[in-house]
Amino acid sequence: MTNRSLVTTFILTGLPHAPELDMLLFGIFLVIYVLTVVGNLLILLVITVDPRLHTPMYYLLSNLSFIDMWFSTVTVPKMLMTLVSPEGSPISFPSCVAQLYSFHFLGSTECFLYTIMAYDRFLAISHPLRYASMMSGRTCAILATTTWLSGSVHSAVQTTLTFRLPFCGPNQIQHYFCDAPPILKLACADTSANELVIFVNIGVVASGCFLLIVLSYVSIVHSILKICTSEGRWRAFQTCASHCTVVLCFFGPGVFIYLRPGSKEAMDRIVAVFYTVMTPLLNPVVYTLRNKEVKKALLAFKDKVVHSQSK
């Protein structure tokens, strides 16, 4: 894959910003990263130890928390290194390959998982009497496993097509992590075929998942309108609005970066912050920490920890 490549190390240039903002941005993104990891890890622990949360919805949410924790870890530490290194952060060729694979693996898996989660909510709200049989533990596990396998295949295609090209000239990646579009600009070969595959591959996956999510939520809204009490309708609408906000924060920037003709490097890097930094932080708040059942489980978990420490 790298036989014809002379480049052994790439340089990540980071986010476009004024040098005097280095420490401020470093502090902000470090706090966001710590909150993201701690928040998602806490949710994973609570869902694991509390039997009341051993349901399909929370099983899928635990998968989402696991993905978000690592999705952020794949990109943010390198971003932080670019902020403390004025000349950019070096990354070896193999590490760049691993980062691109991990990024697209976790990103595409999350894309598929959002679709499964929307389908799960559709079944729970539109078919409550048949929900338990339609979304059994076995079915839920099969769906989740399929998302991970599909994500790995999707990422393998992207990574192989990107790094089979020769790299023999400039080695500065105009980004804060290794991603296909900025890397293709450094290749010493025609990349039009790669760009077409990226457009089709990501386009089919993203647009297909988004369409299924939209259809699920349209059906959910239709079912919500049948709820008798206005309070019940309002609560359901609030939940759907929160979920849709996170989905848009994830899909919107991806469509902007991968599915438009041409590329503005500075804008792409800024837009990428939304789904690499902000969405993993929003997910614990929107999907779980606003949930009464999770709040009760968190309080019970805290009481257990305090009680064990007092012994």
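The values are calculated or read from the model by the stated rules, or taken from the named source; none is laboratory data. A quick note: this is a predicted structure, and the numbers were derived from the prediction, not measured. Quick reminder, even Gly has a Cβ in these numbers, built from the backbone with ideal geometry, and neighbours come from all protein chains shown. Surface accessibility is based on the protein's heavy atoms, side chains included, excluding ligands, DNA and RNA. Shrake-Rupley method; radii C 1.70, N 1.55, O 1.52, S 1.80 Å.
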Can you tell me which residue among I142, I173 is of a type in the set (A, V, I, L, M) and open to solvent by 50 Å² or more (accessible area, probe 1.4 Å)? I142
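Residue-by-condition table, conditions (1) under 26 Å from K78 (Cα atoms); (2) touching a helix residue (DSSP H, G or I) at 6+ places or on another chain (Cβ under 8 Å); (3) open to solvent by 40 Å² or more (accessible area, probe 1.4 Å); (4) not in a helix (DSSP H, G or I):
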site: C168; (1), (2), (3), (4): yes, no, yes, yes
site: I183; (1), (2), (3), (4): yes, yes, no, no
site: N201; (1), (2), (3), (4): no, yes, no, no
site: F210; (1), (2), (3), (4): no, yes, yes, no
Can you confirm whether L24 is assigned to a helix (DSSP H, G or I) and open to solvent by 60 Å² or more (accessible area, probe 1.4 Å)? yes
Looking only at the range 88-121, which residues are among the aromatic types (F, W, Y) and closer than 14 Å to L60 by Cα? F112, Y114, Y119
Go through the range 185-199 and give me each residue that's under 20 Å from V271 (Cβ atoms) and either aromatic (F, W, Y) or crowded, with 19+ Cβ neighbours inside 10 Å (or both). I198, F199
From the list L6, L41, L60, pick out the single residue that is of a type in the set (A, V, I, L, M) and closer than 28 Å to A187 by Cβ. L6
Could you tell me how many of the residues in the range 227-254 are open to solvent by 60 Å² or more (accessible area, probe 1.4 Å), modelled with pLDDT of 75 or more and not hydroxyl-bearing (S, T, Y)? 1
Those residues that are within 28 Å of L42 (Cβ to Cβ) and acidic (D, E), I need them from the range 66-113; list them, please. D68, E110
Using the structure shown, decide if L129 is at pLDDT 95 or above and either more than 25 Å from S72 (Cβ to Cβ) or assigned to a helix (DSSP H, G or I) (or both). no
Within the range 27-36, of all residues that are touching a residue at least 60 places away in the same chain (Cβ under 8 Å) and open to solvent by less than 70 Å² (accessible area, probe 1.4 Å), the one farthest from W70 (Cα to Cα) is F29
Output for the range 11-21, where each listed residue is more than 22 Å from D179 (Cβ to Cβ) and either crowded, with 16+ Cβ neighbours inside 10 Å or of a type outside the set (A, V, I, L, M, F, W, C) (or both): P19, E20
Among the residues in the range 59-81, are any crowded, with 22+ Cβ neighbours inside 10 Å and either without any contact (Cβ under 8 Å) to a residue 40 or more places away in the chain or in contact with a Cys (Cβ under 8 Å, 6 or more places away or on another chain) (or both)? yes
